[in-house]
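The values are calculated or read from the model by the stated rules, or taken from the named source; none is laboratory data. What you see is a predicted model; the values in this text were computed from it and never measured. Using ideal geometry, Cβ is built from the backbone for each residue, glycine included, and neighbour counts are taken over all protein chains shown.
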Amino acid sequence: METLTSQLLMEHWKTFQKDREANPELYKLRSTGLRSLDNILGGGVEYGNMIIYGGAQKIGKSTLLQCTAQAFGRREEPFIYFSGEMTNMAMATRLICSVSGVDKGRVRRIALDDLDWHEIVSAEKEIANYKGWWNYGFSNLKQIDYVLSELETKAGVDVRTIFVDYIQLMENPGKRTRTEELEDLSHAFKRMSINRKKPMLVFIAAQLNRQSIRGQIVDANSFLGTGALERDMDVGVIITNAKDDTGRILDSYRELVVVGSRETAISHCRIRFNGATSKLADVDEVGTTIDLDYWK
């Protein structure tokens, strides 16, 4: 905690901007993995942000979270993916299928053929270059801090991006109510994004409340358990079903709705969704998948 005079505040700000100009790679906006979402967010997200990816059950929250993690992996930026729901093998299956294009059903049925294995081996080479760590079974903030500290002190890895899937599965002992637990977790993640040794990017998946799901309400008040998520987040994105002009659900698409952003306008975009391979992709105005070498 530090109190600054106005003059000193300006001096610190100028020093910070000079450091940004001298080290643009450290401070530039980071891609979410989807150009359409990046465009809404003014180019991407930045260190010091807490980003919430919300949605109903089985709608694609984890797929969206994983899509962003893959973007960091392809840029060889260190990250940790904490899953309270999927085992390490389940995460590996989704990751392999997303990169290779192999159907998850074929993996489940133990029905992989030679062509599948060829694609999987190629995907494995890409994934092996990710500076990513995958953690299944965490349940509280102390465990997240412990893993971060272990990587920093023992492996010498500067991890500044974490993915949490998802906050409603976490525990926070000592609070009287579940609302207080989630509120305290939200505040703690926000503090982590700005106050840990260096600014961090914290991506959190969150469930929506039943009222919003049943009423098909998509706004910043839709997150389950506490309004603190709305107040603490720098960016809030809800993934929901895409529909045609008649209201029919389009299974091959999803709608991403930015319900809150401190720096940019609220908007939405449509993306391609392939549940069989856990893959998301940008689409053009008529719904055709855009195949861009965006990661470079």
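Residues that are part of a helix (DSSP H, G or I), under 18 Å from the mean Cα position of the chain (by Cα) and over 30 Å from Glu171 (Cβ atoms): does the stretch 117-135 have at least one?
yes
Which of the residues that make up the stretch 9-55 are under 22 Å from Lys197 (Cβ atoms) and among the aliphatic types (A, V, I, L, M)?
Leu9, Ala22, Leu26, Leu29, Val45, Met50, Ile51
Could you give every pair whose Cβ atoms fall below 7 Å, whose first residue belongs to the stretch 243-257 and is over 16 Å from Ser278 (Cα atoms) and at pLDDT below 95, and whose second residue is β-branched (Val, Ile, Thr) and part of a strand (DSSP E or B), counting only separations of at least 6 or pairs across chains?
The qualifying pairs are Lys243/Ile249.
Looking at (1) touching a Phe, Trp or Tyr at 6+ places or on another chain (Cβ under 7 Å); (2) modelled with pLDDT of 95 or more; (3) surrounded by fewer than 19 Cβ atoms within 10 Å (Cβ to Cβ), can you tell me which one Lys61 breaks?
With respect to (1) touching a Phe, Trp or Tyr at 6+ places or on another chain (Cβ under 7 Å); (2) modelled with pLDDT of 95 or more; (3) surrounded by fewer than 19 Cβ atoms within 10 Å (Cβ to Cβ), Lys61 is out only on (3).
Within the stretch 41-50, does at least one residue satisfy the condition of being under 30 Å from Ser212 (Cβ atoms), in contact with a strand residue (DSSP E or B) (Cβ under 7 Å, 6 or more places away or on another chain), in contact (Cβ under 8 Å) with a residue 12 or more places away in the chain and part of a strand (DSSP E or B)?
The answer is yes; a qualifying residue exists.
Exactly one of (1) surrounded by 12 or more Cβ atoms within 10 Å (Cβ to Cβ); (2) of a type in the set (A, V, I, L, M, F, W, C); (3) over 13 Å from the mean Cα position of the chain (by Cα) is unmet by Met10. Its number?
Condition (1) is where Met10 drops out.
Among the numbered criteria (1) in contact (Cβ under 8 Å) with a residue 40 or more places away in the chain; (2) part of a helix (DSSP H, G or I), which single criterion is violated by Thr153?
All conditions pass for Thr153, except number (1).
Kindly indicate the residue of the stretch 218-262 that is among the hydroxyl-bearing types (Ser, Thr, Tyr) and out of contact with any strand residue (DSSP E or B) (no Cβ under 9 Å at 6 or more places or on another chain) and also surrounded by the most Cβ atoms within 10 Å (Cβ to Cβ) among those meeting that condition.
Here the answer is Thr226.
Considering only residues of the stretch 30-55 that are farther than 23 Å from Lys279 by Cα and at pLDDT below 95, which is surrounded by the fewest Cβ atoms within 10 Å (Cβ to Cβ)?
Gly42
What residue, among those in the stretch 148-161 that are of a type in the set (A, V, I, L, M, F, W, C) and surrounded by fewer than 17 Cβ atoms within 10 Å (Cβ to Cβ), is farthest from Glu46 (Cα to Cα)?
Ala155
Could you go through the stretch 70-86 and let me know if any residue there is assigned to a loop (DSSP other than H, G, I, E, B), in contact with a helix residue (DSSP H, G or I) (Cβ under 9 Å, 6 or more places away or on another chain) and among the aliphatic types (A, V, I, L, M).
yes
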